[in-house]
1. Restricting attention to region 237-263, which residues are closer than 22 Å to residue 331 by Cβ, among the basic types (Lys, Arg) and surrounded by fewer than 13 Cβ atoms within 10 Å (Cβ to Cβ)?
2. Residues 510, 504, 466, 457: which one is over 23 Å from residue 544 (Cα atoms) and either within 50 Å of the chain's Cα centre (by Cα) or not charged (D, E, K, R) (or both)?
3. With the requirement that a residue be among the β-branched types (Val, Ile, Thr) and more than 23 Å from residue 124 (Cα to Cα), what does region 139-196 give you?
4. Out of curiosity, is residue 354 surrounded by 15 or more Cβ atoms within 10 Å (Cβ to Cβ) and either of a type in the set (Lys, Arg) or modelled with pLDDT of 75 or more (or both)?
5. What number goes with the only condition from (1) without any contact (Cβ under 8 Å) to a residue 12 or more places away in the chain; (2) surrounded by 19 or more Cβ atoms within 10 Å (Cβ to Cβ) that residue 266 does not pass?
6. Is it the case, given these coordinates, that residue 153 is outside any helix (DSSP H, G or I), in contact with a Phe, Trp or Tyr (Cβ under 9 Å, 6 or more places away or on another chain) and surrounded by 14 or more Cβ atoms within 10 Å (Cβ to Cβ)?
7. Restricting region 283-319 to residues that are among the hydrophobic types (A, V, I, L, M, F, W, C), over 18 Å from residue 344 (Cβ atoms) and in contact with a Pro (Cβ under 8 Å, 6 or more places away or on another chain), which is surrounded by the most Cβ atoms within 10 Å (Cβ to Cβ)?
8. Here are some residues: 103, 149, 109, 99. Which one is in the same structural domain as residue 223 (by TED's automatic domain parsing), modelled with pLDDT under 95 and small (Gly, Ala, Ser)?
Amino acid sequence: MLQVARDWALGTVLPAGAPLEGIEIMQPRHPDLRHRWFPESGARRVTLIYLIVGLAWVTISDWLFDLVARDTSWSFVGSIGKAWLFVGVTSLLLYVAVARLQARNRQSARLLVESEDAYRAMFANNPAPMWVYDAATLEFLAVNDAALARYGYSRGQFLRMTLFDLHPPEQHSRLKRILASASGQTLHGTMGRHRTCAGEEIDVEITSHAILFTGVAARLVLAQDVTDRLQAERALAESERRYRQLVEAMPDGLLVHDGAAIRFANAATARLAGLERAEQIHGQPVWRIFPGAALPKPTAAGVALQPRLLRRADGSVIEVEISSQPVTLDGERCAQVVVRDVQLQQRMQRQLKQANDRLSRLSSQVLETAEQERRHLARELHDDVGQLLTFAKMTSSWLLRQPLPEPGRQRAAALPAVIGEALDKVRDLALLLRPAQLDRHGLSAAMRAHLERYLAGMAIDWALSGGEGSPRPDATVEIALFRIFQEAVTNVIKHSGASHLWVGLQPDGGQLRLIVRDDGCGFDVDEGVRQGSSLGLLTMRERAHLVSGTLTVISRAGAGTEIVAAVPCTSPAAPTESRREQQHG
């Protein structure tokens, strides 16, 4: 027992009495026990004291007996008694010393078992994979449950493998270099790649220590799976790269400052400052770029756009707008500032307005051209085609009064009905292209005639109220409202499934308001505009916009639809062909 305790206290690894899955490696928890329990210097002192006391006892006791007891018989008895007394006292002292030593040995053995059990449990229950391998053969000697779970091998499979079996073939040369440099040393944070039983390759961080395992030189290894961490780091690095690319590609300037100096700036900031490279701004005082009052410190909600002056490298000053928000850069609280060139923004706004104006003029010209073509076709149909059909009808009537063979009379008798039907269709088409009532009697009369003609025979009740007032609106306003009305009524007939339709005209000061309301199925207005499926709706809005009006559509599923067009009675647009016709008769 003394030898066992002494060997353990000196750091020698002992085989456990009941090893856990072959784990017999333990490190001493109390490396100073050999000094506390087995002090070599104390043992020498005790031996020296015992020798001195024994010699002194023998010498002094013999001298005293020579002085007191001159009779030899008493001298013999005294010597015997003295010896017995010495043996008894020393035996008692030896018993006390041995008993104390045994108690300490028992405590040492208990601590050894507890320490060994603790380290064995630490190995077995560690959530990270751990194993022990032979430093010479690289064969696995012990493995914990976490390693079996992560790598997918059984304990028997693991203990029949070597360290090379865990590494992909392309990692073997690197492993050899690490093993050669790690002889007897402790390795911390060594990165590597392992292969599981399923063939999955994982990134691991290795920590290993040189130990003795049942008297064999071995190494204890802890392998931490860092695959997810490395993937997250790579994803973060990729995100940072993309963010930098986005920042560099921004049309607006962006810089980061710590209140005193500029820590970062993108290429757009350099261009605004009249510099070639953004690095020329790094480290510059903020006041050098933004003269005047100090930049406001951003709050958690940031600072909205505000005007500011920016000094360029040549000393000139330009007007910009800045906004800022707090950021953290390298662990320090900083401010991120977006710098926008006001002049560039104004130029872009002017260009956008010019493009919108051109588009508006083009739309107006397209619609006006379409109206002119409608008017021309209506006149052609009414004047030319209508007259030709009327002549054909009169001719068929004359033929019926002439003596004809019976087959010819039958064919001639069918002509008036066919020609009459053709005349009706031509008249309908002419009215659809350009209703005569609109030019002769005004908007309200044209809408009423349209409703009477196209809702006749349909299961839709309708009502028309109000009027355009006096004086009549411009011709451009009338035709725009009539086309909006036509499109709205067509949608009611085709898509709504309504049973009631109400149309109203309401003069309102200098405006004329058209309202078309039905009790049909309704539709999603935003979805129709977003998908571009409601072309008619877009056309109605464009017509209202071209005469400086507005169009509002309110619709809900199952609750019908209401269309409201509000336009000024006098259009600010230049006189169109239709208005000139009205002005000149």
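1. Residues satisfying the conditions are 241, 244.
2. 457
3. Initially, region 139-196 is screened for residues among the β-branched types (Val, Ile, Thr), giving 143, 162, 178, 186, 190, 196.
Of everything in region 139-196, just one residue is among the β-branched types (Val, Ile, Thr) and more than 23 Å from residue 124 (Cα to Cα), namely 178.
4. No; evaluated as a whole, the condition is false for this residue.
5. Only one criterion is unmet by residue 266, namely (1).
6. Values: outside any helix (DSSP H, G or I): yes; in contact with a Phe, Trp or Tyr (Cβ under 9 Å, 6 or more places away or on another chain): no; surrounded by 14 or more Cβ atoms within 10 Å (Cβ to Cβ): yes.
Taking the combined requirement at face value, the residue does not satisfy it.
7. Checking each candidate, the answer is 303.
8. So the residue among 103, 149, 109, 99 that is in the same structural domain as residue 223 (by TED's automatic domain parsing), modelled with pLDDT under 95 and small (Gly, Ala, Ser) is 149.
The values are calculated or read from the model by the stated rules, or taken from the named source; none is laboratory data. None of the values given here were measured: they were computed from a predicted structure. With ideal geometry, Cβ positions are generated from the backbone for all residues, glycine too; neighbour counts draw on all protein chains shown.
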